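Structure first, commentary second.
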């Protein structure tokens, strides 16, 4: 018989901190992690102390305080190693990799993720293997090595399936879909996004559902299934509105603009892209893509100068985000403008 | 204690754990003193409410052995008692302890014990269903993941990329430290893709070879799970547990997939099942790569052979054209001097000298014919024969050809006649080439006819619609037939006579190079028509030259 007695005590500070972190409440999470560290240290629970430090480091990464995050993560690793807490140490290595990524030290970051994978395999910690592989994929994607990114995301899916981490698998499918779409493998991208949507619906993971629905629009448009693209955009807008995700809403509007453009409804395309720019105002890759769409629209209108201006804005933003692949695509668009092909995508 | 209330709370519980807590609450409320509820299984405390108070191992062990509810004294000097409720259906025991030792009617506790048992049974059934659901979900997730791998792998024909992808995915899906993909080639095994190795891939992995030879999954285990496996290469890699599966497709084994764990690991049937599926992906990739490679090699060979053939043909054509020119010039000169000598330009010849000179002249003429034929053939095959098309009347050409052949016919005493000539349209063609064909047909007919005659006739063929009529101005066909009363041609030889340098048995005695008919057919086809034969052995032959009419001039 498998007896499952509920935990009798109230959730620990560490668990509460994790919950606050998941919800994006960084200040509360930081405070709870700090308290958890103090109590764990006083009680001599060394592994918990290391975990609390690592949690604090993660919160600092979110706040882009990489140097402080590095100090705490390094201390967490040190404590875990001295205490023989191998799993805690392995996870600290992964967090250090994320910090290096934030510091744009790609080589060091990649090496740390590789080490994290090795340590996690020694422990049989499949979830950590998947997380580190996924992180390595993000680096490859950022550097424009889409095939390597795709391979790394596939690896992470293998690990998440093994560990039963559906939520993590969800992120991996979304990333895999994005890499495949960039490789212009539309049918595959559609399958990967659809798979992510299935899992997100099962888990009621509305925030990611908004992104997945929006991302699926591109392969559907490229395949020529405009009705399905329309439907997926409706889903994206519903989910984005439910969680107040302006970025996801901006992405959905961007694809609505393209849909309208393809149908020859330039006025609607204009309206959607303007709304997208007004909605997604943060300097994100998504905003860069909306600017690209604006450039495509201008090119289709025969307004080459306005198109080039939009492409250049998008290029500048993409460059600042180290999105090399996007920069290359924009360069190609600008080149086409200058060589009389009119630019824009079909 | 309100038994109904207690039972209700127990039945509303989601499992034994919450039931214990519910009962604890009931006890607290009804007795007004602190009770502690333990849940003990196999002599070990598995749950406690509200917590804090220990249960002695003796009481826990007694609870595990108990068959009926009973009250036992607690250890120590607390003076308390424990009510033991055995939950046999649950394979465990519930231990209730009242610190004040006031349990009341034991029958109530038996009822509660049965309620606990039912809750536990329900929970067990629910847990089983949940477990099965999780298992099915995991299978579905695995299946989806394998499908995703297949999609990604199908995107490339590069076997290295596919095999590395399979190796990487295998590593994470099976939680292994390293994976190698090994292929068989010419009796030995070679590692073609690997992930997670510390050292270079081995030149020859005996374990991988054994798996391929066995054509079934094999495992490697170190002694006691903590030591290295008894394979030097894999021991050096730190393998504690290994799994190898064959790469097989359509009954053919291509190699093996080896999966290594550097930690103690219990291989499950799931691992083997997944490894075999992944090996299938690798086998497909290898098979595709081999087929693709073989196809590419064969295509290359054919392209090279084609190139050589083209070069050889061109060289042959150049040689024939060149040699024919080089031969024709001196032969014309020899013929010229022969003629001068025979005409007595340098004095009257002795009869025997004349006879010798006439033989030499005949041989030289034959040689010149052969050279001319070879030159024509090489020009046609090289596509360098230029046609000079102009409107012409077929009757005029036929008469010219007949005039040319008349001396030969007279010498052989063979009558050559033109049958009543129908009205024919003018044709737009190369008159010299048509004449050449007709002379060849007529001379053959005369040469091969010992008795009887040769006749020439013409017809307008079909309904007047030639292929491409309207598109190129063609308006029908005209056919010229040359019939003889010679020995005829056997059916099996009727195509051979149109092949270069092929003369059927008995034809050589009649002279000729064997090139006349092949050249004539090629010329006829160049002119847009054809040359065919109908013949019955012993009943002569009819050669038909068919030419398209490409003129708007009216039928004469």
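The values are calculated or read from the model by the stated rules, or taken from the named source; none is laboratory data. Model, not experiment: these values are computed from the prediction. No Cβ is skipped: glycine too gets one built from the backbone with ideal geometry, and neighbour counts run over all protein chains shown.
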Residue under question is residue A:191, and the condition is that it be within 13 Å of chain B (Cβ to nearest Cβ) and either assigned to a helix (DSSP H, G or I) or in contact (Cβ under 8 Å) with a residue 40 or more places away in the chain (or both); does it hold?
yes
Out of the residues in segment B:141-170 meeting the condition of being more than 8 Å from every other protein chain (Cβ to nearest Cβ) and buried (at least 20 other Cβ atoms within 10 Å of the Cβ), tell me which one is farthest from the chain's Cα centre (by Cα).
B:167
Here is a list: B:211, B:179, B:192. Which entry is away from every other protein chain (no Cβ under 14 Å), touching a strand residue (DSSP E or B) at 6+ places or on another chain (Cβ under 8 Å) and crowded, with 23+ Cβ neighbours inside 10 Å?
B:211
Any idea how many residues of segment B:241-280 are buried (at least 22 other Cβ atoms within 10 Å of the Cβ) and under 18 Å from the mean Cα position of the chain (by Cα)?
1
Just checking, how many residues over segment B:378-414 are closer than 18 Å to residue B:480 by Cα and part of a strand (DSSP E or B)?
2
Quick check, is residue B:445 assigned to a helix (DSSP H, G or I), at pLDDT 85 or above and surrounded by 16 or more Cβ atoms within 10 Å (Cβ to Cβ)?
yes
From the option list A:166, A:156, A:180, single residue qualifying as farther than 21 Å from residue A:219 by Cβ, touching a helix residue (DSSP H, G or I) at 6+ places or on another chain (Cβ under 6 Å), without any contact (Cβ under 8 Å) to a residue 40 or more places away in the chain and within 11 Å of chain B (Cβ to nearest Cβ) is A:166
Taking segment A:11-58 as the region of interest, how many residues are over 29 Å from residue A:245 (Cα atoms) and exposed (fewer than 15 other Cβ atoms within 10 Å of the Cβ)?
5
Qualifying positions in segment A:153-169 - within 15 Å of the chain's Cα centre (by Cα) and surrounded by fewer than 24 Cβ atoms within 10 Å (Cβ to Cβ)
A:167, A:168
What's the number of the only condition in (1) within 11 Å of another protein chain (Cβ to nearest Cβ); (2) in contact with a helix residue (DSSP H, G or I) (Cβ under 7 Å, 6 or more places away or on another chain); (3) not in a helix (DSSP H, G or I) that residue A:144 fails to meet?
(1)
Test: residue in segment A:246-266 that is within 14 Å of chain B (Cβ to nearest Cβ), surrounded by fewer than 21 Cβ atoms within 10 Å (Cβ to Cβ), more than 19 Å from the chain's Cα centre (by Cα) and farther than 18 Å from residue A:314 by Cα
no
Checking the structure you have, find out if any residue of segment B:256-272 is modelled with pLDDT under 90, outside any loop (DSSP other than H, G, I, E, B) and either in contact with a helix residue (DSSP H, G or I) (Cβ under 6 Å, 6 or more places away or on another chain) or closer than 21 Å to residue A:125 by Cβ (or both).
no
If residue B:123 passes every condition in (1) within 11 Å of another protein chain (Cβ to nearest Cβ); (2) part of a helix (DSSP H, G or I); (3) within 26 Å of residue B:253 (Cβ to Cβ) but one, which one does it miss?
(3)
Go through (1) out of contact with any helix residue (DSSP H, G or I) (no Cβ under 6 Å at 6 or more places or on another chain); (2) farther than 19 Å from residue A:186 by Cβ; (3) part of a helix (DSSP H, G or I); (4) free of Cβ contacts under 8 Å to residues at least 24 places away in the same chain one by one and return the number of the condition residue A:270 breaks.
(4)
